Amino acid sequence: MEDARVILDLCRFILGNQRDILERELSIAVLGDSKRWEKKYRSRVCSVLERYGNFNDLLLGISDGEDKEDKREREKILLAEYQVYANPSYVHLKGNAEFLFDDGQSIRMNHQMPAAFSTEALAHLDSVRVLDKRVMTIENLTSFNRISQEQAFLIFLSGYHNSAKQKLIRKIYDANPGIVWQHFGDIDPDGFYIVENLRKGTGIDFRPVFMEASVLNRYLAYAKPLTERDRRKARSLLSKEMYGDVVR
C-alpha cells in the first residue's frame, strides 16, 4: 500500500506539471530523495501512464518488450509529454529565419549563427518565418553540427520527438507554405521509424534524404552488423512494405 500511495503521488504530480522539470528535481519534490525515483519508481509510473494514456503515434516503432534501450526510449518520450526530462531539453536550429515571440520580441538567425531554444521558451513562440527553401530535420547531433546545406533550415530532433517538437514543426509548416520538408536520419530501422513517427505526428510529408540504398552501399565500409533488435524492426518495416530497397 505504501508503494501504491507513492506511485499515486508521483502520477498526480506529473499529470499536473505545467513547466519543464528535471527527473532529479521531481524525485526531490515528491520523494525527498534525488535518486529514489530512478531506482524504484520510474518504470512503474511510466507503465501506468502508458496504460491509461494515448501514445500510439508517439511510440510508433519502439518495441514494448524487455529490450533495455527501447524501454528507456519509451519512458523518455512518455515523460517528455509531461515536461519531465533527465536533462534540460533544447531544440537546436540552424539557418535563415526570424522568430517572433508573444511578448513582441524577435530573433533573426542565419547559417553562421545557430541557436538553441528550451522547450519552455518555445511555448511562448508566436510565429516563425523561414527564409530558406527547405526545412530539414536531423536525427544526429554530429550531423547537425557538421552538415552544410545551402537554402536549408535545419532542426536537430535528438531521435524520437515529443509533442512539443511536433507543435514547433507544425507551427513552422503552417506559417511557411510551399517549403519542401526533408529528414536526414541514420540508415537503420530506427531511422526509418523516426521518419514515420514524424509524418504521423505532424501530418507533413517528410522526404528522407541521404538514407537511400545507394548511400548505404557507398559507405558500407563504415557499417556495423545488425543486432537482433535491428533485425526484428527491419522485418516489421518489410511486413508493412516500408523502405523496401534499403531495408532489404
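The values are calculated or read from the model by the stated rules, or taken from the named source; none is laboratory data. Worth saying up front: this structure is predicted, and the values here are computed from it rather than measured. A quick note on method: Cβ atoms are made from the backbone with ideal geometry, for glycine too, and the neighbour counts reach across all protein chains shown. Calculation scope for accessible area: heavy atoms of the full protein, side chains included, ligands and nucleic acids excluded. Shrake-Rupley method; radii C 1.70, N 1.55, O 1.52, S 1.80 Å.
Check whether at least one residue in the range 160-167 is over 19 Å from the mean Cα position of the chain (by Cα) and either of a type outside the set (S, T, Y) or open to solvent by 20 Å² or more (accessible area, probe 1.4 Å) (or both), and report yes or no.
So far as the range 160-167 goes, no, none of its residues is over 19 Å from the mean Cα position of the chain (by Cα) and either of a type outside the set (S, T, Y) or open to solvent by 20 Å² or more (accessible area, probe 1.4 Å) (or both).
Filter the range 112-124 for residues that are touching a strand residue (DSSP E or B) at 6+ places or on another chain (Cβ under 7 Å) and farther than 27 Å from R146 by Cα and give the result.
Hit for the range 112-124 is H124, nothing else.
Which one is modelled with the highest pLDDT, of the residues in the range 85-100 that are aliphatic (A, V, I, L, M) and surrounded by fewer than 20 Cβ atoms within 10 Å (Cβ to Cβ)?
Residues of the range 85-100 that are aliphatic (A, V, I, L, M), as a first pass: 86, 91, 93, 97, 100.
The next check asks that each one be surrounded by fewer than 20 Cβ atoms within 10 Å (Cβ to Cβ); those that pass are 86, 100.
Details: A86: 88, L100: 95.
Among residues in the range 85-100 that are aliphatic (A, V, I, L, M) and surrounded by fewer than 20 Cβ atoms within 10 Å (Cβ to Cβ), the one modelled with the highest pLDDT is L100.
Every residue in the range 100-129 that is among the aliphatic types (A, V, I, L, M) and under 21 Å from the mean Cα position of the chain (by Cα), please.
A115, A116, A121, L122, A123, L125, V128
What number of residues within the range 101-111 are surrounded by 15 or more Cβ atoms within 10 Å (Cβ to Cβ) and closer than 22 Å to R19 by Cα?
Residues flagged as surrounded by 15 or more Cβ atoms within 10 Å (Cβ to Cβ) and closer than 22 Å to R19 by Cα within the range 101-111 amount to 1.
Can you name the condition, by its number, that L79 falls short on among (1) modelled with pLDDT of 85 or more; (2) open to solvent by 50 Å² or more (accessible area, probe 1.4 Å)?
The one condition L79 does not meet is (2).
Out of the range 142-159, which residues are surrounded by 20 or more Cβ atoms within 10 Å (Cβ to Cβ) and part of a loop (DSSP other than H, G, I, E, B)?
L157
For L8, are the conditions met, namely being touching a helix residue (DSSP H, G or I) at 6+ places or on another chain (Cβ under 8 Å), among the hydrophobic types (A, V, I, L, M, F, W, C) and either crowded, with 17+ Cβ neighbours inside 10 Å or at pLDDT 95 or above (or both)?
no
Per-residue answers, yes or no, for (1) closer than 20 Å to N56 by Cβ; (2) touching a helix residue (DSSP H, G or I) at 6+ places or on another chain (Cβ under 9 Å); (3) at pLDDT 90 or above:
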| residue | (1), (2), (3) |
| --- | --- |
| I169 | yes, yes, yes |
| G178 | no, no, yes |
| D188 | no, yes, yes |
| V195 | yes, no, yes |
| L198 | yes, yes, no |
| G244 | no, yes, no |
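The rows are residues; the columns are (1) at pLDDT 95 or above; (2) part of a helix (DSSP H, G or I); (3) open to solvent by 50 Å² or more (accessible area, probe 1.4 Å).
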{"residue": "F13", "(1), (2), (3)": "yes, yes, yes"}
{"residue": "R19", "(1), (2), (3)": "no, no, yes"}
{"residue": "S27", "(1), (2), (3)": "yes, yes, no"}
{"residue": "V30", "(1), (2), (3)": "yes, yes, no"}
{"residue": "W37", "(1), (2), (3)": "yes, yes, no"}
{"residue": "V45", "(1), (2), (3)": "yes, yes, no"}
{"residue": "E50", "(1), (2), (3)": "no, yes, yes"}
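Residue under question is L100, and the condition is that it be touching a strand residue (DSSP E or B) at 6+ places or on another chain (Cβ under 6 Å), without any contact (Cβ under 8 Å) to a residue 40 or more places away in the chain, of a type in the set (A, V, I, L, M, F, W, C) and over 23 Å from I138 (Cβ atoms); does it hold?
So L100 passes the test.
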